[in-house]
1. Does THR269 qualify as being modelled with pLDDT of 95 or more, under 30 Å from ALA101 (Cα atoms), surrounded by fewer than 20 Cβ atoms within 10 Å (Cβ to Cβ) and over 15 Å from the mean Cα position of the chain (by Cα)?
2. Does ALA141 satisfy the condition of being at negative phi, part of a helix (DSSP H, G or I) and under 20 Å from the mean Cα position of the chain (by Cα)?
3. Scan GLY63, GLY114 and give me the residue that is surrounded by fewer than 18 Cβ atoms within 10 Å (Cβ to Cβ) and not basic (Lys, Arg).
4. Cβ contacts < 6 Å: first residue surrounded by 22 or more Cβ atoms within 10 Å (Cβ to Cβ), restricted to region 215-226; second residue of a type in the set (Val, Ile, Thr), any location; separation 6+ or different chain. Result?
5. Would you confirm whether any residue within region 275-287 is within 14 Å of the ligand (Cβ to nearest atom) and in a loop (DSSP other than H, G, I, E, B)?
6. Counting only residues that are of a type in the set (Val, Ile, Thr) and buried (at least 22 other Cβ atoms within 10 Å of the Cβ), how many does region 235-261 have?
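The values are calculated or read from the model by the stated rules, or taken from the named source; none is laboratory data. Everything numeric here is computed off the predicted structure, so don't read it as measured data. Here the Cβ is made from the backbone with ideal geometry for all residues, glycine too, and neighbour counts use every protein chain on show.
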Amino acid sequence: MHLHAVHGTTRLLGLIGDPVGHSLSPTMHNAALTAAGLDFVYVPLPVKAKDLPAAVAGLKAIGCAGFNVTIPHKQRIVELLNWLEPPARAVGAVNTVRIEADGTLTGTNTDVVGFLAPLAEGRDWTGRTATVLGNGGAALAVVVACRALGFARIEVAGRDPVKLSAFLTRLSDLTGVHPREWSTLDNALEQTDLLVNTTPLGMYPQTDTSPLDSLVGMKPDAVVYDLIYRPRPTRLLGLATALGLQAVDGLPMLVAQAEAALTFWTGVTPHRGVMGQAAEVVLADLRRAESSGQR
Ligand code: NAP
């Protein structure tokens, strides 16, 4: 474990959410802050939904430099902020807040660039079709990012038609976004160029589950992207690689959204690879603990 020096001048960064105990963000951020010689420390800050306004006012009062936001606050925090950067405005949710010197609160959403990071190189997605499984918070950022990549058609599958319809209403400014009934996903797979899982199906400890049981029929050059990073790969990505499809797990997104957040707060680009290595060390420790039955 890295020793992180804390001084009288050290500024606070953190993560607010409920729960925050299993987050990799403190490890990734403190590794990058240490490597870059930045005088900040990043800590997990558990905040219950009812306490959000008081917690944000308190962080402002104590001179906190900024914070990440996770479940359940990503959407509710919006009303407490003074300014939203374009990605946060497009998504309608915030995962990163900067507290300016005058106390102004600026929100952004680095999940959009995070999601794009492993897809940005090499391929032209213009005119293609994406299929997004799930209609929660992460799916909002995924759809906005897919639109930015130029996909002509983005189909979103949700298990609850009422929630799916509310999700599509929130994104009604975007063209080309359509609902897809979960029961007809098999037909969609044949048409899709990018399949994205934004549900928690397959995440530790339910690693033997998958949002889909077969990917047979998918185009041979299709990409299957699972936002989950524990385990790596998920059962869904195992199905993809068994068919020779390109598989992308959630770790590059996790790392890229964190790198973008650190730059948003400090103006400094983190040293390449530091956050990813720190995350991999924690994930390897967790795997060892799992196999010895500790968690
Ligand atoms: P969320 O807001 O709770 O959304 C989860 C979505 O999954 C909801 O639409 C939910 O449907 C759906 N879902 C849950 N169980 C399902 C099931 N059995 N069948 C079908 N759909 C189901 O959570 P989130 O913040 O979007 O996060 C979703 C996943 O993405 C998590 O695994 C999270 O770890 C991962 N994630 C990864 C990154 C990264 O950087 N790699 C970033 C953000 C999120 P209902 O609305 O009907 O409940």
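1. yes
2. Spelling it out, ALA141 is indeed at negative phi, part of a helix (DSSP H, G or I) and under 20 Å from the mean Cα position of the chain (by Cα).
3. GLY63
4. From residues that are surrounded by 22 or more Cβ atoms within 10 Å (Cβ to Cβ), the pairs are TYR225/VAL196; TYR225/VAL248; ASP226/THR234.
5. There is no residue in region 275-287 that is within 14 Å of the ligand (Cβ to nearest atom) and in a loop (DSSP other than H, G, I, E, B).
6. 1
Conditions (1) within 21 Å of the chain's Cα centre (by Cα); (2) within 19 Å of GLY250 (Cα to Cα), marked per residue:
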| site | (1), (2) |
| --- | --- |
| GLY66 | yes, no |
| ARG89 | yes, no |
| ASN95 | yes, yes |
| ALA101 | no, no |
| THR106 | yes, no |
| VAL112 | yes, yes |
| THR126 | no, no |
